[in-house]
Amino acid sequence: MKILIDGNTKVVGLIGNPVEHSLSPVMHNAAFKELNLNYIYLPFMVEDNKLKNVIDGAESLNIKGLNVTIPHKINIIPYLDELDPIAKLIGAVNTIDLKNKKGYNTDGIGALKAIEEIISLKNKKIVITGAGGSARAISFQIANENIDNLVIINRNEDKAKSLSEDILKSNLNENINYNSLDNLKNELCDADIFIDTTPLGLKPNDKPIATHDILHEDLIVNDIVYNPIKTPLLKEAEIANSKTISGIKMLLYQGAESFKIWTGINPPIDVMEEVILKHVV
């Protein structure tokens, strides 16, 4: 069945710069088609100097909701009326419900659900590499769980320290630490879960942030880069017999959360995953 666009079609979409690489349109439109919902998801390239007009313009056009990607996740916040508590702590938004101009951040939820397909985070030691926006979203979400220890590692140790201090100030969890990339091997030796939020792996010749000799078979390794499916890090993890989680899972589950916010309906996860897999290498 083709998506029929008419006067009753509800519009949701993505704002960012760039947006042409995003798999969100194919993922969401496949879900709308499967459920026979009269919605369409469109990508909108928005430049920084036009961001101020986005929310008013979207409301005027009766757009129901938006995803937000780089570089607008922080700068969109002043134009919203309300933030979900986790989004407020993170200080960044990736989903907007235009019914009430409320901002959410579903990135951390997406990562959490991807991991919980395999293992509970309860009483686990988690190591995260990176201290940017994705690391921030995932770290705050994980800190909200009953974990044993979260260690944030970054090449620039000051950034790792700053993120860990922000989480500690939130009073979500006291078991938050940081370290430099030089100490990754020591932190991984007794870790249960390793999440890489750095962009390493996006380019064909990228070296993995960790090699198989510092990974172990009891470790779960999650790379949030989703294209290619098997990043250099995940290839190393397979050599070490570690369990692996592709970045596709985070993309899938964060999108599913956005879908529910806009429609109030649980999307068909299997359909969304199938169409994503057709568009990655």
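Before moving on, here are some points about what is shown:
- Based on protein heavy atoms only, segment 207-281 ends up with 44 Å² per residue of surface accessible to a 1.4 Å probe.
- Net charge of the neighbourhood of Ala31, taken over other residues with C-beta under 11 Å away and scored Lys/Arg +1, Asp/Glu -1, is -2.
- Kirkwood hydrodynamic radius (C-alpha pairs) into Stokes-Einstein, segment 8-120, 4 °C and 1.567 mPa s, D in µm²/s: 88
- Rg/Rh (Cα only; Kirkwood hydrodynamic radius) as it applies to the chain: 0.97
- Partners for Lys52 among lysines (Cα-Cα distance below 28 Å; same-chain residues under 8 apart left out): Lys10, Lys64, Lys73, Lys88, Lys99, Lys101, Lys102, Lys260
- In this structure segment 47-121 gives 47 Å² per residue of accessible area when probed at 1.4 Å with all protein chains present.
- Relative contact order computed over the chain (Cα-Cα under 8 Å; 6+ residues apart), in percent: 16
- Annotation for Asp48 and Ser120: the two label points, set 7 Å from Cα along the Cα-Cβ direction, are 4.6 nm apart.
- Distance between modelled label sites at Asn38 and Val271, nm, 7 Å Cα→Cβ extension: 1.7
- Computed from the Cβ-Cβ distance with R0 of 45 Å, the FRET efficiency linking Asn183 to Ile5 stands at 0.25.
- Accessible-area order (highest first, 1.4 angstrom probe) of the listed residues Lys230, Lys102: Lys230, Lys102
- Exposure of Thr211 as accessible area (Å², to 10), given a probe of 1.4 Å and all protein chains: 50
- Heavy atoms of Ile269: accessible area, 1.4 Å probe, square angstrom to 10: 50
- Summary value for segment 67-175: 21 percent relative contact order, contacts being C-alpha pairs under 8 angstrom separated by 6+ residues.
- Cα-based helix-to-principal-axis angle, 133-143 vs the chain, degrees rounded to 10: 70
- For segment 57-127 versus segment 235-261, the inter-centroid distance based on Cα atoms is 17 Å.
- For segment 167-274, the relative contact order comes to 19 percent (Cα pairs under 8 Å, sequence separation of at least 6).
- Derived scalar couplings ³J(HN,Hα) [segment 202-216; Karplus, 6.51 cos²θ - 1.76 cosθ + 1.60; whole Hz; x for Gly, Pro]: 5, 9, x, 9, 4, 8, x, 6, 9, 9, 4, 6, 10, 9, 8
- As a fraction of the 1.4 Å probe accessible area of the chain, surface on carbon and sulfur atoms comes out at 48 percent.
- Estimated distance in nm for a label pair at Asn171 and Lys260, the labels positioned 7 Å out from Cα along Cα-to-Cβ: 2.7
The values are calculated or read from the model by the stated rules, or taken from the named source; none is laboratory data. Since we're looking at a predicted model, the values are computed, not measured. Here the Cβ is made from the backbone with ideal geometry for all residues, glycine too, and neighbour counts use every protein chain on show. Each accessible area value is taken on the protein alone, full model and side chains, heavy atoms only, with ligands, DNA and RNA left out. Shrake-Rupley method; radii C 1.70, N 1.55, O 1.52, S 1.80 Å.
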